[in-house]
Amino acid sequence: MAHIGGGSDPRPARSRARLLEAATALLRSGGPSAVTIDAVTRGANVARATLYRHFPSANDLLAAAFNSLIPPAPMPPDEGSLRDRLIVLLQAQAELIAEAPGMLTAMSWLALGPDLHQVPPAHHADVGGSAAITTLRERIVQQYTAPFDAIFDSPEAAELGEIDRSRAIALLLGPLVVGRLSTLPDFDYRECVRAAVDGFLSVQRRAAEAARTGVNAAGSGSAGA
């Protein structure tokens, strides 16, 4: 029966919400392999055709489910030294990594290539170009870069010289990720955070000082000539 009334039909939005809720519940309880077309349509009580109207492939649905599980990015405090702000930020990131591993699972899934997932895309969809997967990738990048940009764009960070931000984030977060993946019961995230921050700042400051010294030496040589 056609929808009567001045507003838009709310049923498609409700169907999409039920599908996403079912997929998210399966992802939480059983991981990516649990998010199958049959399981999701059964849990949402909708037909396959309805699912494909909202999600062109199983991978699109899984990417949307991952996206819904990613918590907001923790931001650093506005005040404090570079060291203090980095430590507070990394401790917040460590808590997310330790207590909400959905981000790491999403990253692993993307790194392996969603096209390797056991559920084939419907109608041979272009998995690599999927809008949902692109959105998930962008969300993860933003999740990690925005908090560090807030620190590295501050005037206080000028003393560190030019920063390769991708490398900086890898150096600072890498030890925390390894700690989570190692499953060591006595892994001390707080101590790891302090060591990572102190090591990064030490290396970055030495590099900045060496760059300034080199520029000054070059300037003196030119003046003498």
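Values in this text are rule-based calculations from the coordinates and carry no lab data. Remember, predicted model here, so these are calculated numbers, not experimental data. Cβ placement follows ideal geometry from the backbone for every residue including glycine, while neighbour counts extend to all protein chains displayed.
If r is the Cβ-Cβ distance from ARG212 to ASP84 and R0 is 35 Å, what FRET efficiency results, to the nearest 0.05?
Here the calculated transfer efficiency is 0.90.
Multiply the residue separation of ASP149 and ARG11 by 0.36 nm, subtract the distance between their alpha-carbon atoms, and state the gained length in nm to one decimal.
45.6 nm
Between ALA34 and ARG53, what is the label-point separation in nm under the 7 Å Cα-to-beta-carbon projection?
Going by the 7 Å Cα→Cβ label model, 2.8 nm.
Provide the packing ranking of 83-93, 185-195, i.e. peptides ordered by the mean count of other C-beta atoms within 10 Å per residue, highest first.
In decreasing order of mean packing, 83-93, 185-195 become 83-93, 185-195.
How high is the FRET efficiency between MET75 and ALA100 when r is their beta carbon distance and R₀ equals 22 Å, given to the nearest 0.05?
Calculated transfer efficiency: 0.85.
Which order, highest average first, do 152-159, 31-38 follow once you tally other Cβ atoms within 10 Å for each residue and take the mean per peptide?
Numbers: 152-159: 12.0, 31-38: 16.1.
The densest-packed peptide leads the list: 31-38, 152-159.
Within 12 Å, Cβ to Cβ, of LEU86, how many net charges do the neighbouring residues add up to if Lys/Arg are +1 and Asp/Glu are -1?
Net local charge, LEU86 excluded: 0.
Report the label-to-label distance for LEU171 and GLU21 in nanometres (one decimal), using points 7 Å from each Cα along the Cα→Cβ vector.
4.7 nm
Excluding ALA100 itself, calculate the net charge of residues whose Cβ lies under 13 Å from the Cβ of ALA100, where each Lys or Arg counts +1 and each Asp or Glu counts -1.
Taking every other residue near ALA100 into account, the sum is 0.
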